[in-house]
Amino acid sequence: MVDHVFADLSLAALYDRLNPWGPGDDFYLGLLREAGSVLDIGCGTGQLLRRARAEGHRGRLMGLDPAAAMLVQARRARPDIEWVLGDVRVRRWQQDFDLVVMTGHAFQELLTDDAIRTCLHAARSALRDGGRFVFETRNPAARPWERWTPDRVYEITAADGTPVRVWHEVRPDAPVRDRVHFTETYAGPHWPVPRVHHSVLRFLDAGTLEGFLTEAGLAVAEQYGDWERGPLTPSSPEIITVARRA
């Protein structure tokens with residue numbers, strides 16, 4: 001399913017400014033440097049793959065995303081990378097990649113058990129022997145959604161120099177089971193009224209994640225609670241998982 005925010009060309013153009021390069025990107029870039037071939041599921045604007053290619057990565061790089069607006073940004077910036085529109089059902093891979101990644105909490109966009117199973121089976125099929133599937137989810141024990149309040153306004157500058165303000169508001173009953181519903185609001189001179197988009201993210205704990213991985217024929221090789229590879233604790237902001245074929 002495509003998040004409506006990412007399907008909007010005007011908002012997709014703001015994505016990299018709203019999500020600047022950070023420690024998580026450094027973590028994944030280090031993995032890409034060691035891999036001869038990489039599949040990025042839910043690649044968005046392709047910022048990670050573009051950086052790897054700019055550094056001189058000579059291997060196969062493929063970015064997959066269901067939002068055409070995001071891939072427009074990716075193709076404009078780097079046409080020498082394989083950009084594929086769709087989800088994991090559009091291709092059948094057979095041990096084609098040394099590394100498969102899902103960054104930017106893209107895994108949390110998988111809202112149903114079937115969607116998770118389909119994605120994990122595809123990732124396993126895509127991995128070569130000894131390859132790694134690496135992804136992260138926000139740790140539900142840390143309850144990060146409680147900090148997504150309207151008073152935390154992000155101010156960015158669009159390509160034409162105009163200011164854009166962005167804020168989030170979580171539905172009061174969150175979480176509903178393991179899902180958090182929230183709105184993301186964009187306000188700026190481009191729009192006569194603010195643009196409001198509704199989104200849902202799924203929060204799974206480490207045990208539930210491991211259950212899905214095991215079912216898909218994957219095994220947890222390493223797991224971290226932060227981008228410095230610290231241990232996973234109840235207060236850790238992330239659940240960063242490195243999995244291999246079982």
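Inter-label distance, V193 to R33: 5.0 nm, where each label sits 7 Å from its Cα along the C-beta direction. Looking at segment 57-174, what % of its DSSP beta bridges pair antiparallel, to the nearest 5? Bridges in segment 57-174 that DSSP calls antiparallel: roughly 30 percent.
Considering Cα pairs under 8 angstrom that are at least six residues apart, work out the relative contact order of segment 74-133 and quote it in whole percent. Computed value for segment 74-133: 47 percent relative contact order. In this structure the chain gives 48 Å² per residue of accessible area when probed at 1.4 Å with all protein chains present. Solvent-accessible area assigned to carbon and sulfur over segment 85-240 amounts to 50 percent, based on a 1.4 Å probe.
Segment 180-217 and segment 64-103 have Cα centres separated by 20 Å. On a per residue basis, the convex hull of the C-alpha atoms belonging to segment 3-107 measures out at 94 Å³.
Have a look at the DSSP beta bridges in the chain and tell me what percent are antiparallel, nearest 5.
Details: 31 of 48 bridges.
Within the chain, antiparallel bridges account for around 65 percent of the total.
Given R0 = 22 Å, the distance between the Cβ atoms of T183 and A68 translates into a calculated FRET efficiency of 0.45. For the chain, relative contact order (Cα pairs under 8 Å, six or more residues apart, normalised by length) works out to 17 percent.
The values are calculated or read from the model by the stated rules, or taken from the named source; none is laboratory data. In this text, all values refer to a predicted model and were calculated from it rather than measured experimentally. Positions of Cβ are backbone-derived with ideal geometry, glycine not excepted, and every protein chain shown enters the neighbour counts. Surface areas here come from the heavy atoms of the whole protein model, side chains and all, with no ligands, DNA or RNA. Shrake-Rupley method; radii C 1.70, N 1.55, O 1.52, S 1.80 Å.
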